[in-house]
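Asker: Take this structure first; my questions come after.
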Amino acid sequence: MVWIPGGQFMMGSDSAYQEEAPAHRVRVDGFWMDRCTVTNTEFERFVADTGYVSLAEKPANAADYPGAKPEMLAPSSIIFKKPSRPVDMRNHYNWWVYVAGANWRHPRGPASTIHKLGDHPVVHVAFEDVEAYARWAGKELPTEAEWEFAARGGLDSAEYVWGDELTPGGRHMANVWQGDFPYRNSMEDGFEYTAPVGSFPPNGYGLYDMAGNVWQWTADWYQEHDRIDSPCCMAANPRGGTREASYDLLTPDIQIPRMVTKGGSHLCAPNYCRRYRPAARMAQPVDTSISHLGFRCIARGPVAAPITILTAK
């Protein structure tokens, strides 16, 4: 873990996606943060120690999903499937599929494994899974404000984690999509799927992969920024929303609360999803696991893990 010193910063953005606005001044206290996202090897160690079974490995409770087809209740998770040609970009079902047998052990479907992927970020973890891991590790999940402050690495209001240019000097700084999403990825950064953690340069606080690779869970319920704080005032250690305010009304009978996720992933592309920026945010239902979403933890007290004290460069 590394020490994040805390301070003031401009959270959000007024120049990109609507859900990031308004930009508003925030202060957070110092905390420790995992240098990298939690890997398959680390999650495997947690499972071996506790016998934990992730949400995607268990059948869904039919009572929670009235009217659902029986096959949709089987242990499953969501996987990206690259189309072979251009598709209607308004319909995300053209590239997302619900796959029985997909889970953190089988990240690309039931025939896949995490063999040789031990240093890749664990994926297909739902919110209850990452909370369980954090408790086991004696840590917590970061708030959205803590995550964004740490991601900026001391570069207040910069467009990206590393500055204002996407590829400074032609150098790729994160694992994101190059080409035409979702059917053509030129892989100029060297990766089509997830990359081993730490494959790209760290930010000013020594944190790796705060942009791209995998989205990351936070501890905050999702709500719009303009309901969190006025852009003229500074909030101290804000916590986002309430469970009730975060509901995503999928059907009249189902209400699924949502959490804020941050950072973008290897599927974010300039032509579709420019969310590999610290201000970017996404609402993720708590009952959903997916192939491009992972997490990292923080600690607000003494930690037993190896630590390094860094300040922003």
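The values are calculated or read from the model by the stated rules, or taken from the named source; none is laboratory data. On a predicted model such as this, the values are computed, not experimentally measured, just so you know. Please note: Cβ atoms are built from the backbone with ideal geometry, for glycine as well, and neighbour counts cover all protein chains shown. Accessible surface areas use protein heavy atoms only, side chains included; no ligands, DNA or RNA. Shrake-Rupley method; radii C 1.70, N 1.55, O 1.52, S 1.80 Å.
Asker: Excluding Q8 itself, what net charge comes from residues whose Cβ is under 12 Å from its Cβ, given Lys and Arg +1 and Asp and Glu -1?
Answerer: Numbers: positive: R25, R27, R152; negative: D29, D156.
In short, +1.
Asker: Can you sort K262, K139, K69, K82 by solvent-accessible area, 1.4 Å probe, largest first?
Answerer: Working: K262 0, K139 50, K69 130, K82 85 Å².
Most to least solvent-accessible, the answer reads K69, K82, K139, K262.
Asker: Calculate how many DSSP beta bridges within the chain are antiparallel, expressed in % of all such bridges and rounded to the nearest 5. The partial results should precede the final answer.
Answerer: Working: 31 of 39 bridges.
So the antiparallel bridges in the chain amount to around 80 percent.
Asker: Something else now. Suppose the chain between R274 and E224 were pulled fully straight at 0.36 nm per residue; how much longer would it get relative to their current alpha carbon spacing?
Answerer: Details: separation 50, 0.36 × 50 = 18.00 nm, distance 1.84 nm.
Result for the pair: 16.2 nm of gain on full extension.
Asker: How high is the relative contact order of the stretch 132-283, in percent, counting Cα pairs under 8 Å that sit 6 or more residues apart?
Answerer: Values: 272 pairs, mean separation 42.7, N = 152.
RCO, the stretch 132-283: 28 percent.
Asker: Further question on the same structure: Using a 7 Å offset from Cα along Cα-Cβ at E192, what residues in the stretch 271-292 end up with backbone N under 19 Å from the label point?
Answerer: Taking a point 7 Å out along Cα→Cβ of E192, the residues of the stretch 271-292 whose backbone N falls under 19 Å are 291-292.
Asker: Compute log10 of I(q)/I(0) for the chain with the Debye formula, placing one identical point scatterer on every Cα and leaving out solvent, at q = 0.08 Å⁻¹, to two decimals.
Answerer: Log10 of I(q)/I(0), two decimals: -0.34.
Asker: Still on this structure, I have one more. Mind grabbing the accessible area of L55 for me, 1.4 Å probe, Å², rounded to tens?
Answerer: That residue has around 50 Å² of solvent-accessible surface.
Asker: Would you calculate the separation in nanometres between label points at R135 and A16, each defined as 7 Å from the Cα along the Cα-to-beta-carbon direction?
Answerer: 3.3 nm
Asker: For a quick check of understanding: with a 1.4 angstrom probe and all protein chains in place, what accessible area in square angstrom does D29 have, to the nearest ten?
Answerer: Its accessible surface works out to 80 Å², give or take rounding.
Asker: Add -39500 (n - 2.57) for each DSSP H run of 4 or more in the chain, then divide by its residues: what number comes out at 222 nm, to the nearest 500 deg cm²/dmol?
Answerer: Values: 3 runs with 31 residues, N = 313.
So the helix-based figure for the chain works out to -3000 deg cm²/dmol.
Asker: How far apart, in nm, are two points set 7 Å out from the Cα along the Cα-to-Cβ line at A235 and at D180?
Answerer: Here the answer is 4.1 nm between the modelled labels.
Asker: Would you mind computing, in nm to one decimal, how far apart the modelled labels at A100 and D88 are, each placed 7 Å from Cα along Cα→Cβ?
Answerer: 2.7 nm
Asker: Which order do K116, K58 take when ranked by solvent-accessible area (1.4 Å probe, heavy atoms of all protein chains), largest first?
Answerer: Correct descending sequence by accessible area is K116, K58.
Asker: Would you work out if the stretch 1-75 is rounded, prolate or oblate? Take a ≥ b ≥ c from the square roots of the eigenvalues of the alpha-carbon gyration tensor; rounded if a/c is under 1.5, else prolate when a/b is larger than b/c, oblate otherwise.
Answerer: On the way: a/c = 3.68, a/b = 1.47, b/c = 2.50.
Oblate is the answer for the stretch 1-75, as a/c is 1.5 or above yet b/c matches or exceeds a/b.
Asker: Next up: Report the antiparallel proportion of the DSSP beta bridges in the stretch 14-149 as a percent, rounded to a multiple of 5.
Answerer: On the way: 7 of 8 bridges.
Approximately 90 percent, going by the DSSP bridge assignments.
Asker: Related question: Would you list E20, E140 from the most to the least accessible area, probe 1.4 Å? Please list the in-between numbers first.
Answerer: Numbers: E20 0, E140 80 Å².
Accessible-area ranking of E20, E140, largest first: E140, E20.
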